[in-house]
Amino acid sequence: DMKVTQMPRYLIKRMGENVLLECGQDMSHETMYWYRQDPGLGLQLIYISYDVDSNSEGDIPKGYRVSRKKREHFSLILDSAKTNQTSVYFCASSLPGVSNERLFFGHGTKLSVL
Amino acid sequence: GQQVQQSPASLVLQEGENAELQCNFSSTATRLQWFYQHPGGRLVSLFYNPSGTKHTGRLTSTTVTNERRGSLHISSSQTTDSGTYFCAIDLSNTGKLTFGDGTVLTVKP
């Protein structure tokens, strides 16, 4: 069963709190991603992970960090969340290498920072 | 973003009509992909099409890399085709996709 699972689906936090978004996949994909999507816009890449402990910044990494200690698990951390980090966050995984022929997405986490 | 531009921004069709969605990009990067986002938010990969033409069902993806453009053709549209369609490009050949802002398609019965 090919699946990318994100937890939680909805999250409300206060400004300054720490946030942990978790993502798991059961396909043994090497490459995983964190994107955010703001209303009316496309997805923006926060971080890409090519494998365990092999992470690379995307277009908007400021204010975020990631952790990949197991191939099937990729976490996004917001240290001291800001109101402008209110967004929908999508995790994805893809087949090995940079060809990323097909991305599999999670359902998304809707984060509100008050 | 500016590096990947989609048109039109929105499109309204009557069921049965065809749709042509455009994607223009700023470099000769390949690895163009098309994604569909359900009205509820779920994202699905439609095509990985670095060049040429690919078909699946009523969908056809065409990429002309040296002209820096791609298109997605939807034939005989159905109400269930409603949603947002995104194209994305790997501009740096690193697996890091840059998305356009999408085309919102509404198909009326």
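So for segment A:48-58 (the condition being under 28 Å from residue B:103 (Cβ atoms), buried (at least 18 other Cβ atoms within 10 Å of the Cβ) and within 12 Å of chain B (Cβ to nearest Cβ)), does at least one residue qualify?
Within segment A:48-58, one or more residues are under 28 Å from residue B:103 (Cβ atoms), buried (at least 18 other Cβ atoms within 10 Å of the Cβ) and within 12 Å of chain B (Cβ to nearest Cβ).
Looking only at segment B:16-43, which residues are assigned to a strand (DSSP E or B) and closer than 26 Å to residue B:93 by Cα? Outline the logic, then answer.
First, the residues of segment B:16-43 that are assigned to a strand (DSSP E or B): B:19-25, B:33-37, B:43.
Matches in segment B:16-43: B:21, B:22, B:23, B:24, B:25, B:33, B:34, B:35, B:36, B:37, B:43.
Here are some conditions: (1) within 11 Å of chain B (Cβ to nearest Cβ); (2) under 23 Å from residue B:93 (Cα atoms). Residue A:40 meets all but one. Which one does it not meet?
(2)
Can we say residue B:46 is part of a strand (DSSP E or B), in contact (Cβ under 8 Å) with a residue 12 or more places away in the chain, more than 12 Å from residue B:105 (Cβ to Cβ) and in contact with a strand residue (DSSP E or B) (Cβ under 7 Å, 6 or more places away or on another chain)? It would help to see each step written out before you state the result.
Details: part of a strand (DSSP E or B): yes; in contact (Cβ under 8 Å) with a residue 12 or more places away in the chain: yes; more than 12 Å from residue B:105 (Cβ to Cβ): yes; in contact with a strand residue (DSSP E or B) (Cβ under 7 Å, 6 or more places away or on another chain): yes.
Answer is yes for this residue.
Just to be sure, is residue A:83 out of contact with any Gly (no Cβ under 7 Å at 6 or more places or on another chain), of a type in the set (Val, Ile, Thr) and loosely packed, with under 14 Cβ neighbours inside 10 Å? Walk me through how you get there before you give the answer.
Numbers: out of contact with any Gly (no Cβ under 7 Å at 6 or more places or on another chain): yes; of a type in the set (Val, Ile, Thr): yes; loosely packed, with under 14 Cβ neighbours inside 10 Å: yes.
The answer is yes for residue A:83.
Considering A:15, A:27, which residue is in contact with a helix residue (DSSP H, G or I) (Cβ under 6 Å, 6 or more places away or on another chain) and either of a type in the set (Ser, Thr, Tyr) or assigned to a loop (DSSP other than H, G, I, E, B) (or both)? Give the steps one after another, and end with the answer.
Working: A:27 fails: in contact with a helix residue (DSSP H, G or I) (Cβ under 6 Å, 6 or more places away or on another chain).
Unique residue meeting the criteria: A:15.
Could you check segment A:75-97 and list, in sequence order, the residues that are more than 14 Å from every other protein chain (Cβ to nearest Cβ) and not charged (D, E, K, R)?
Initially, segment A:75-97 is screened for residues more than 14 Å from every other protein chain (Cβ to nearest Cβ), giving A:75-86.
Answer for segment A:75-97, where residues must be more than 14 Å from every other protein chain (Cβ to nearest Cβ) and not charged (D, E, K, R): A:75, A:76, A:77, A:78, A:80, A:81, A:83, A:84, A:85, A:86.
Please go through segment B:1-54 and pick out each residue that is in contact with a helix residue (DSSP H, G or I) (Cβ under 8 Å, 6 or more places away or on another chain) and exposed (fewer than 13 other Cβ atoms within 10 Å of the Cβ).
Matches in segment B:1-54: B:28 only.
Residue B:67 versus (1) crowded, with 18+ Cβ neighbours inside 10 Å; (2) out of contact with any helix residue (DSSP H, G or I) (no Cβ under 7 Å at 6 or more places or on another chain): which is the lone unmet condition?
All conditions are met except number (1).
Going residue by residue through segment B:3-15, is there one that turns out to be facing chain A (nearest Cβ under 10 Å), more than 20 Å from residue A:48 (Cβ to Cβ) and part of a loop (DSSP other than H, G, I, E, B)?
Scanning segment B:3-15 turns up at least one residue that is facing chain A (nearest Cβ under 10 Å), more than 20 Å from residue A:48 (Cβ to Cβ) and part of a loop (DSSP other than H, G, I, E, B).
Among the strands (runs of 3 or more DSSP E) lying completely within segment A:44-99, list those that include at least 1 residues that are farther than 27 Å from residue A:28 by Cβ and modelled with pLDDT of 95 or more.
Working: elements: A:54-57, A:65-70, A:73-78, A:87-94.
The strands (runs of 3 or more DSSP E) meeting that bar are A:73-78, A:87-94.
The values are calculated or read from the model by the stated rules, or taken from the named source; none is laboratory data. Computed from a prediction, not measured in an experiment: that's the story for all the values here. Quick reminder, even Gly has a Cβ in these numbers, built from the backbone with ideal geometry, and neighbours come from all protein chains shown.
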